[in-house]
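*Asks:* This is the structure, below, for whatever I ask next.
No value in this document is a laboratory result; all are computed from the given coordinates. What you are looking at is a predicted structure, and each value in this text was computed from that prediction instead of being measured. Please note: Cβ atoms are built from the backbone with ideal geometry, for glycine as well, and neighbour counts cover all protein chains shown.
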Amino acid sequence: MQTFASTISKVFYGTLIHSISIKEIEYILQGLLFIDNQGKIAKIVKNVSLDKLDAALEGVHTDKLVRLTGDQFVIPGFVDTHIHAPQYAFCGNGHDLPLLEWLDTYTFPAESRFADKDYARRLYSKSVARSLRNGTTAACWYATIHLESCKELVQVIQEQGQRAYVGKVNMNQNSPDFLVETTESSVRDTRAFIEYVKDVNSKIEHKPLVTPIITPRFAISCTSDLLAELGKLAEEYQLPIQSHLCENMNEIGFTMSLFPESVNYTAVYADHGLLNDRTVMAHCVHMKDEELDLIKEKEAGISHCANSNFNLKSGIANVRKMLNKEIKVGLGTDVAGGYTPSILEALRASRTASVALDMESSLVVAELFYLATVGGARVMGLEDTIGNFEVGKEFDAILVNASTDNSPVDIHDHDTVETSFEKYLFVGDDRNHEKIFVQGKEVRIPGAASRK
Ligand code: GUN
Ligand code: FE
């Protein structure tokens, strides 16, 4: 007979911190968190004093036990709901121009290099490693239009062990000659990419971590017939969908001149079968009320990219209004519109943005941590799989040490678990990330400094 202990691969004992609602962070002290052989959370026991530890382990061997020290805690991994893998090449550069000029000047030339799949592998290895190291255990990636390089990104993500949606970008109009497809090649390569990921997934033993996502770059770069074909593909394969929406005023004006039949920008996607409960729309800075209502009606999610919205001078998205309408919202780094692949930085920029917009209704810590974890999981449709430490969910997590040797955070005698955690959120960085786990397995990050 199979015993409970034989189904367990790992147990953590110590402080566990996660979001249990948008209003509440739960601090579990002296917690025991059991992970099973499938990487799922099998059981959580709270307030286990040291003298009760042996009994509480229920026969699980101590070599599977990880005992956390006083300044260590385990939190759910971060969810990055919007990031461009190729743009990591110029991450930190080029924030002197607004969106459309930025695309023409920096982004499209940089993305054209991904016609070379060897370059793609080298660059993508760095993008994914940096994202993981920053604690992103699940990400919604944009690649480029190039099929072979998209496959490289899938391979790199699988080798490094991140949970991910990966999009082959579609663009067949208003794009430079060196970065454009025809409708036929765009649809054909998207189908080929989907079939490729399905095939790769059929050959692995664990539950697949990579899912293809339909990725029209934005309405400007896709003709109506291409958008409609992509809507059909999303329906046929029941895939998630991602794009950009209402990021910049010139973008909105241009879009409406291209799609006069649609009542507004959001409706352009809806009219082409691209707005549903599997859709992730990035930015949504300049949304009319009826557009937010349409997002809500279709149960689509929004990726809030505050860092990028500042850098490209796009504006400030009204997250409070989205939350009041009970729209799903998560955080996105939007590298390289955003200058960092860190969701901690996205969380900080989100607070600054909310204060700048309206001091009275700015986002508070519990809300920000929720957006970075559970909110992102909901936007990706993964709320039953990841986001917090509910029994039955998969264990995607960060082992944080607020006092590593070179920690940017100083913890003093007067600090509590709550103040230490908040310090990590606002002062910490990847130096505090001692270990990263996806689906219960520790992720080995190439190039990362060795951790304890
Ligand atoms: N809109 C269309 N493409 C892009 C992109 O690559 N980044 C951002 N921020 N907005 C876009
Ligand atoms: Fe983007």
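*Asks:* Taking Cα atoms, how many degrees apart are the long axis of helix 147-160 and the longest axis of the chain, rounded to 10 and kept between 0 and 90?
*Replies:* Computed tilt is about 10 degrees.
*Asks:* Enumerate by residue number the chymotrypsin sites (Phe, Trp or Tyr not before Pro) in region 323-420 meeting two conditions: DSSP loop (anything except H, G, I, E, B), and at most 14 other Cβ atoms within 10 Å of the site's Cβ.
*Replies:* Values: sites: 339, 369, 370, 389, 395; in loops: 339, 389, 395.
For chymotrypsin sites (Phe, Trp or Tyr not before Pro) across region 323-420 that sit outside H, G, I, E and B with at most 14 neighbouring Cβ atoms in 10 Å, the list is empty.
*Asks:* Would you please give the FRET efficiency between residue 361 and residue 155, computed as 1/(1 + (r/R0)^6) with r the Cβ-Cβ distance and R0 = 41 Å, to the nearest 0.05? Before the final figure, lay out the partial values.
*Replies:* Numbers: r = 44 Å, r/R0 = 1.08.
Efficiency, rounded to the nearest 0.05: 0.40.
*Asks:* Run the numbers on the chain and let me know its relative contact order in percent, using alpha-carbon pairs under 8 Å that are six or more apart. Mind showing how you got there, number by number?
*Replies:* Working: 988 pairs, mean separation 88.1, N = 452.
19 percent.
*Asks:* Next question, about the same structure. Out of all DSSP beta bridges in the chain, what portion is antiparallel? Express it as a percent rounded to 5. Kindly include the intermediate steps, with their values, before the conclusion.
*Replies:* On the way: 27 of 61 bridges.
In the chain, approximately 45 percent of DSSP beta bridges are antiparallel ones.
*Asks:* Distance between the C-alpha centers of region 312-330 and region 123-171? Whole Å please.
*Replies:* 26 Å
*Asks:* For the Cα atoms of the chain, what angle does the longest principal axis make with the long axis of helix 183-202, in degrees from 0 to 90, nearest 10?
*Replies:* For 183-202 against the chain, the angle is about 20 degrees.
*Asks:* In sequence order, what are the phi-derived ³J(HN,Hα) couplings for region 48-58 according to the Karplus relation 6.51 cos²θ - 1.76 cosθ + 1.60 with θ = phi - 60°, rounded to whole Hz, with x for glycine and proline?
*Replies:* Going residue by residue, I get 8, 6, 4, 5, 9, 4, 3, 5, 5, 6, 6 Hz, with x marking Gly and Pro.
*Asks:* Which pairs in the list 23/423; 40/321; 168/203; 46/126 are over 28 Å apart, alpha-carbon to alpha-carbon? Provide the component values of the computation, followed by the final result.
*Replies:* Working: 23/423 19 Å; 40/321 35 Å; 168/203 21 Å; 46/126 38 Å.
40/321; 46/126, as the Cα separations exceed 28 Å there.
*Asks:* Just subtract the alpha-carbon distance of residue 62 and residue 184 from 0.36 nm times their residue separation and send over the number in nm, one decimal. Numbers along the way, then the final one.
*Replies:* On the way: separation 122, 0.36 × 122 = 43.92 nm, distance 5.81 nm.
The residue 62-residue 184 span can extend by a further 38.1 nm.
*Asks:* Okay, next question. Compute the helix-to-body angle for 417-427: its Cα long axis versus the longest principal axis of the chain, expressed 0 to 90° and rounded to tens.
*Replies:* The helix 417-427 is inclined about 30 degrees to the chain.
*Asks:* Quick check for me: using +1 on Lys/Arg Cβ and -1 on Asp/Glu Cβ, what's the dipole size of region 364-452 about its Cα centre, in debye to the nearest 20?
*Replies:* Numbers: 9 positive and 16 negative charges, 84 e Å.
Approximately 400 debye in magnitude.
*Asks:* Which loop trypsin sites (Lys or Arg not before Pro) in region 281-331, with loop taken from DSSP, have no more than 14 other Cβ atoms within 10 angstrom of their Cβ? Please list the in-between numbers first.
*Replies:* Values: sites: 288, 296, 298, 313, 320, 321, 325, 328; in loops: 288, 313, 325.
Answer by residue number: 288, 313, 325.
*Asks:* Please list, or write none, the aspartates and glutamates whose alpha carbon is within less than 13 Å of the alpha carbon of residue 435, excluding same-chain residues fewer than 8 places away.
*Replies:* Once the sequence-local aspartates and glutamates are set aside, what remains near residue 435 is 396.
*Asks:* Would you please put 3-14, 375-386 in order of how densely packed they are, using the mean number of other Cβ atoms within 10 angstrom per residue and starting with the highest? Before the final figure, lay out the partial values.
*Replies:* Details: 3-14: 17.6, 375-386: 23.5.
Going by the mean number of other Cβ atoms within 10 Å, highest first, we get 375-386, 3-14.
*Asks:* Suppose every Lys and Arg Cβ carries +1 and every Asp and Glu Cβ carries -1, with no other charges. What dipole size does the chain come out with about its Cα centre, to the nearest 20 debye?
*Replies:* Working: 45 positive and 61 negative charges, 224 e Å.
The dipole magnitude comes to about 1080 debye.
*Asks:* Just name one of 316, 136, 7: the one whose Cα is farthest towards the positive end of the charge dipole of the chain (beta-carbon charges, Lys/Arg +1, Asp/Glu -1).
*Replies:* Value: 7.
*Asks:* Grab the beta carbon distance between residue 195 and residue 410, set R0 = 60 Å, and tell me the FRET efficiency rounded to 0.05.
*Replies:* Details: r = 52 Å, r/R0 = 0.87.
According to the calculation, E is roughly 0.70.
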